[in-house]
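Any read-out appearing in this document is the output of simple, stated calculations on the displayed coordinates, not a laboratory observation. Since this is a predicted model, take the numbers as computed values, not measurements. Quick reminder, even Gly has a Cβ in these numbers, built from the backbone with ideal geometry, and neighbours come from all protein chains shown.
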Amino acid sequence: MVDLDRTGTLDGLQAALGRVLQHPEVRGLQILASINNPWSAAELETALKQLPVPAFGGLFPGVIFEGQAYDVGTVVVGLPTEPLVRVIGGLEDTGTDFKAALASALPEGCPGRTAFVYVDCTASAVENFLAALFEHCGPEYTYIGGGAGALDFVPRPCVFTHEGLFQGRGVLAVTDMTCSVGVSHGWRSLAGPFLITEASGHLVKTLNWRPAFEVYREVVEAHSEKSFDEMPFYDLSKFYPFVLGRVGTEGVVRDPVNNTPDGSLLCVGDMPVNSLVDIVTGTPYSMIRAATRAATTAMEGFEGERADGITLLMECISRSLCLAESLPRELEAVRVPGLPQVGVLTIGEIASRDKNYLEFFNKTTVVGILAP
């Protein structure tokens, strides 16, 4: 009950929806679309409001279907159980009381076993929201999702439900489906650890009491033998992210996307003061090997009927840019035999790991296996 429209048009979306909805067992829809699709927001919103079943999803830099990534297109996934869909506002404000918002949206707790979570990647309070969600629904839940939007980081409506298209919000879909998740990144330490001595949200200002860009520049330019003065910042920085340390598990990658005149670095995701970070690098081999581990972890933890399942892949867009022509090899490496593969190129990946954390990752592969 999965379908791909490669045209990215509204007519193509309607055709894919028709093919999926012809199955009488479909009780809900997950719609994963490219933000490059040639439709207007008004046209998409009209189509969403006409759907006969609950739906959720977002607009992403690209979509994935059966081992291939597409810059334009839409993936439609028919769900065999009806999702409980909620829109959570206030993700653009770090002062939002997400505990109250979730208590209002889900007053009886979280019925089901799996939560799909899609967020506006430009919002500043994504991790505040995820922390409140984990507290509200608990560690026994499985969570999977990612950041929607575009690589220019211009705020725009990019998450949606059957009620419409939204900006600065999170979309939460709670289901009875069984899900097992594997998470891995494959980046290895080049220098560090460094102590984050001054930071604010996504902005890291100093490392070891020195301007963050000064420290970062010394390490990256020495290793790469290239200069930030001679190329756009992200053309070089994408190969040298940070990793925040985690006790007993693989660290969390943070992608530096720009520097500021005062020597700070802007990252995708929070950079907490007093955290230890390494500057890391990787190769296509190390990344593909890590993605394979993520798929193996998902398969080993799956307890449902695989015959009725699908593989849902959250692949970071910046990771895909680093992999370049090796991306198809990674997508093929994480395919699960006998299961359809769908997914998106995300700006930040969301997943629970080891029942202890709900994290917002960068430059990471998240593999989910889902079944009724």
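Excluding Gly182 itself, calculate the net charge of residues whose Cβ lies under 10 Å from the Cβ of Gly182, where each Lys or Arg counts +1 and each Asp or Glu counts -1. Numbers along the way, then the final one.
Numbers: positive: Arg293, Arg353; negative: Glu300.
After counting each charged neighbour, the total is +1.
Run the numbers for His223 and Arg113: contour at 0.36 nm per residue of separation, minus the present Cα-Cα distance, in nm.
Net length gain for the segment: 35.1 nm.
Can you give the longest run of the chain that contains no chymotrypsin sites (Phe, Trp or Tyr not before Pro) sitting in a DSSP loop with at most 15 other Cβ atoms inside 10 Å? If you can, show how the numbers build up before the last one.
Numbers: sites that count: Phe153, Trp209.
My reading of the result: 210-372 is the longest stretch.
By how many degrees, 0 to 90 and rounded to 10, does the Cα axis of helix 212-224 deviate from the longest principal axis of the chain?
Once rounded, one gets 90 degrees.
Could you give the length gained by full extension between Glu300 and Glu325, i.e. 0.36 nm per residue of separation minus their alpha carbon distance, to one decimal place?
Going from the current span to full extension adds 6.1 nm.
Fewest to most neighbouring Cβ within 10 Å: what's the order for Cys316, Cys322?
Cys322, Cys316
Give me P(r) over segment 188-281, computed from all C-alpha to C-alpha distances, binned every 5 Å, as integer percentages.
3, 15, 28, 29, 17, 7, 1, 0
Need the list of lysines near Lys363 for cross-linking: C-alpha distance under 30 angstrom, and skip anything on the same chain fewer than eight residues off.
Those lysines meeting the cut-off are Lys99, Lys205, Lys226, Lys238, Lys355.
Val344: net charge of surrounding residues, Cβ under 13 Å, Lys/Arg +1, Asp/Glu -1, itself excluded?
Neighbour charge sum, excluding Val344 itself: -2.
Taking every alpha carbon pair in segment 218-372, what does the distance histogram look like in 5 angstrom bins from 0, in percent?
2, 8, 17, 21, 19, 14, 9, 6, 3, 1, 1, 0
Taking the Cα of Gln14, stepping 7 Å toward and past its beta carbon, and measuring to each backbone N in segment 42-60: which are under 11 Å?
Answer for this model: 47.
Provide the descending list of Cα extents for the chain along its principal axes, expressed in whole angstroms.
Extents along the principal axes, in whole Å: 60, 44, 41.
Which GluC sites (Glu not before Pro) in segment 170-231 sit in a loop by DSSP (not H, G, I, E or B) and have at most 14 other Cβ atoms within 10 Å of their own Cβ?
Here the GluC sites (Glu not before Pro) that fit, given the DSSP loop and packing criteria, are Glu225.
Determine, for His185, His136, the number of other Cβ atoms within 10 Å of each Cβ, and report the residues in order from fewest to most. Provide the component values of the computation, followed by the final result.
Values: His185 28, His136 17.
Fewest-to-most Cβ neighbours within 10 Å comes out as His136, His185.
Across segment 132-205, how large is the tail of the calculated P(r) beyond 16 Å, expressed as a percent of all Cα pairs?
When every Cα pair of segment 132-205 is considered, 73 percent fall beyond 16 Å.
Which GluC sites (Glu not before Pro) does segment 292-340 hold that lie in a coil by DSSP with at most 10 other beta carbons within 10 Å?
Those satisfying the criteria are Glu303, Glu305.
Give the long-range amide H neighbours of Gly57: residues separated by 5 or more places, or on another chain, with amide H under 5 Å away, using H modelled in the peptide plane at 1.01 Å from N.
Close amide H contacts, sequence-distant or interchain: Ile31, Phe160.
When the expected Rg is taken as 2.2 N^0.38 Å, what fraction or multiple of it is the alpha-carbon Rg of segment 21-132?
Relative to the rule-of-thumb radius for its length, segment 21-132 sits at 1.18.
Taking a virtual spin label 7 Å from the Cα of Glu332 along the C-beta vector, which residues in segment 267-289 bring their backbone nitrogen under 17 Å of it?
Counting only backbone N, you get 284-289.
Arrange the following residues from fewest to most other Cβ atoms within 10 Å of their Cβ: Thr346, Thr46.
Thr46, Thr346
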